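This report refers to the structure that appears directly beneath it.
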């Protein structure tokens, strides 16, 4: 009875959310298969998907997006583990360091992106300081970290935001597990690396897996940071899709929607793979 009353209370909000989500999803799916009666497209067709997968611009954007997502996720996991292990120890000023470590989580990605642009661009603060102290002859000699081919500025934004997010997850797992397993491993002659490899890593993997999927999916589908800090061409998938979406030629709309659907399906497959991995790990542990 309590469950039913709870559902009835939540029903109005849930209906609005579900209607908006499913309505937008269905509209996107219909437009991706070229069904747009408003411009005379009344027949279902997969031409947008065929055109998308044969478009060199799409393939280049897909490679760039996938590469940025993998690199960012990998670096996030590595630095999150390192920082979590460091914060686990007791030292002077730990409370202040913990506060500073968690502070980036509260800052929106857009604000961090603007900060990176103001600090690390060739006309930014660091380039002016380097030029003033004679480290570089002109500001144009400053390393290109924003609007670059490798997307370094984009990666910096996500690392700044995601390392503390994943690090806190790892830290909570380490603190809840205690030191008993490590002390036992050391008493049996294990060195620091062996203790980490065979004791700590298996403990934190269940926490790292969902965090890594979240990080990868967010970077893969993100728009605002690559739009602000990335090169116009090649652009990541979300930026390329939106450019096609806002094109004055509405005939480009089906391919734009096909790209959005592809992003959604790709991320959904990642979630399913993650659930399969977790189930496999749980089965082994049992």
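In a fully extended conformation the segment linking residue 20 and residue 106 would gain 28.2 nm over its present Cα-Cα distance, using 0.36 nm per residue. The gain in end-to-end length when the residue 135 to residue 78 segment is fully stretched comes to 17.4 nm, 0.36 nm per residue minus the alpha carbon separation. Sort out for me the Cα centre separation of the stretch 55-75 from the stretch 4-42, rounded to whole Å. A separation of 29 Å, based on Cα centres. With N the number of residues in the stretch 33-285, Rg(Cα) / (2.2 N^0.38 Å) evaluates to 1.25. If you plug the beta carbon distance of residue 197 and residue 96 into 1/(1 + (r/R0)^6) with R0 = 41 Å, you get a FRET efficiency near 0.80. Of the peptides 40-50, 120-130, 258-268, the ranking by mean beta-carbon count within 10 Å, highest at the top, reads 258-268, 120-130, 40-50. Note on the chain: helix-only mean residue ellipticity at 222 nm, from DSSP H runs of 4+ residues weighted -39500 (n - 2.57) and normalised by residue number, equals -24000 deg cm²/dmol. Compactness of the stretch 136-242 was expressed as the Cα radius of gyration divided by 2.2 N^0.38 Å, which yields 1.53.
Both radii were evaluated on the Cα set of the stretch 85-209; the Rg over Rh quotient, with Rh as the Kirkwood radius, amounts to 1.13. As a rough guide to protection, the peptides 80-92, 64-76, 156-168 ranked by mean Cβ packing within 10 Å, highest first, stand as 156-168, 64-76, 80-92. Annotation for the stretch 213-264 versus the stretch 130-173: alpha-carbon center distance of 23 Å. When only alpha carbons of the stretch 1-132 are considered, Rg and Dmax amount to 24.5, 72 Å.
Label reach from residue 118 (point 7 Å along Cα→C-beta): in the stretch 128-171, no amide nitrogen lies under 13 Å.
Laboratory data are not the source of any read-out in this text; all were calculated from the coordinates shown. Treat the numbers as computed from the prediction; the structure is a model and nothing was measured. All Cβ positions, even for glycine, are placed from backbone atoms using ideal geometry, and neighbour counts span all protein chains on display.
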